[in-house]
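The structure appears below as C-alpha cells.
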Amino acid sequence: MTFGTDCAYITHPSSLLHEMGAGHPESPQRVRAIELALTHANLLERMQAYTAPAASDEQLKRVHATHHLQAICEQAPAHGYHALDADTVMNPHTLTAARHAAGALVLAVDLVLRDEVQRAFCNVRPPGHHAERGRAMGFCFFNNVAVGMAHALAAHSAQRVAAADFDVHHGNGTETIFADAPGVLMVSTFQSPLYPYSGEQPLGENMVNVPLPSGSNGRLLRQAVEEVWLPALDQFAPQLLFISAGFDAHRADPLAGLNWVEDDYAWVTQQLVAVANRHCNGRVISTLEGGYALDALAASAVAHVGALLD
C-alpha cells in the first residue's frame, strides 16, 4: 500500500480560543506547547497539516443523545462563562471548538480509511473521553474519539475498531457509549481510585480495563500492556486503531499520582503501532486527551508522535 503521506497533523484555531477561566489547567497553552515542541523536534515538518472541519449534528448524534447536543448549543454563552459543572465551563468559543475537536476525528478517519495517510495525530481541545452519551463532564463536551469510531463504523463500513486509552483518568464516556457494542474493543489503563471513580468493574465484555494504584511507574504500565492489552487486541484484530492520548500519568502532572516518563509514552505507542502493523496496515488515529504540566506534556507528545512516525 502506498500512502500520500505517512501521518496527518490535524488541529483548528478554535482550540486556542476555548478557555474556562484563569488558572484552569485545561488551557489553550496545551495545544501551543505541543505544536511548538513538535516543531522544535523537527516532527511537524514530517507531517501533513490539516484544518479540522466541524462535526455535523448527524456525526455527533451517532454517539450523543439529541437532548445533549441541544443542551450544549442552548447553553453556549454569547459572552462570559457558563459552567455545566465545577470542572466543565463554556465560553463563547467553546461550542465551535468542541465541534471542530470532534470533526478532527471525522477527518482523520476519512483520510486514513481512504489511504491518503497511514496515521493521524489530532492536536485539539476540548478533550472528549469523559463525555457520555447525554452528559458533558471532566473538561469534555463531545466525545471526540467516540465520534471518530462511530464514523468509521457507519460511514466506512468498518467492522472492527479498537480504542486504547492511557489517560490517567478512566475514559468513562467512551466506555458507557460503547459497552457491549458489536465491532468495538476498548483497552485502558488509569489511576484508581481517581476521578471519575469508574472503570474498576467493566461495563461490557468488550471493555478491557486495567486500574493502576497511585504511585505506579512505567513497569506496571508495561506489564498491563503486555499481559492484558496486547492479547485482547490481537484476538480482536482491529481494522482501525484509535488512541485516546492523555499525558497526565506523567510523574510531573499536578492532577494525579502516576509516575510515567516520556520513554513510557514512546514504548506504549510503539506497542500499539505494532498491533496496527499486524492487523490493519498500520492505521492509527491518536487524539489529545489530558496532560496539564506543559513541559511534561510537550515532551511526552513528542515521544508519542515520534513513535507514530517511526
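The values are calculated or read from the model by the stated rules, or taken from the named source; none is laboratory data. All values reported here derive from a predicted model rather than from experimental measurement. Quick reminder, even Gly has a Cβ in these numbers, built from the backbone with ideal geometry, and neighbours come from all protein chains shown.
Which residue out of 46, 62 is out of contact with any Lys or Arg (no Cβ under 6 Å at 6 or more places or on another chain) and more than 19 Å from residue 95 (Cβ to Cβ)?
46
Take the residues of the stretch 179-202 that are in contact with a strand residue (DSSP E or B) (Cβ under 9 Å, 6 or more places away or on another chain), more than 18 Å from residue 289 (Cα to Cα) and without any contact (Cβ under 8 Å) to a residue 40 or more places away in the chain: which is surrounded by the most Cβ atoms within 10 Å (Cβ to Cβ)?
So the residue we want is 184.
Going through the stretch 72-94 one residue at a time, which ones are in contact (Cβ under 8 Å) with a residue 24 or more places away in the chain and buried (at least 16 other Cβ atoms within 10 Å of the Cβ)?
Passing the criteria: 72, 84, 87, 88, 89, 90, 91, 93, 94.
Can you name the number of the only condition in (1) of a type in the set (A, V, I, L, M, F, W, C); (2) within 21 Å of residue 248 (Cβ to Cβ); (3) in contact with a strand residue (DSSP E or B) (Cβ under 8 Å, 6 or more places away or on another chain); (4) surrounded by fewer than 16 Cβ atoms within 10 Å (Cβ to Cβ) that residue 36 fails?
The failed condition is (3).
In this structure, does residue 58 turn out to be of a type in the set (Asp, Glu) and touching a Phe, Trp or Tyr at 6+ places or on another chain (Cβ under 7 Å)?
For residue 58, the condition - of a type in the set (Asp, Glu) and touching a Phe, Trp or Tyr at 6+ places or on another chain (Cβ under 7 Å) - is not met.
Do we have any residue at all in the stretch 216-230 that's modelled with pLDDT of 95 or more, among the small types (Gly, Ala, Ser) and under 17 Å from the mean Cα position of the chain (by Cα)?
Within the stretch 216-230, not a single residue is modelled with pLDDT of 95 or more, among the small types (Gly, Ala, Ser) and under 17 Å from the mean Cα position of the chain (by Cα).
Within the stretch 27-50, does at least one residue satisfy the condition of being in contact with a helix residue (DSSP H, G or I) (Cβ under 7 Å, 6 or more places away or on another chain) and under 19 Å from residue 151 (Cα atoms)?
Yes.
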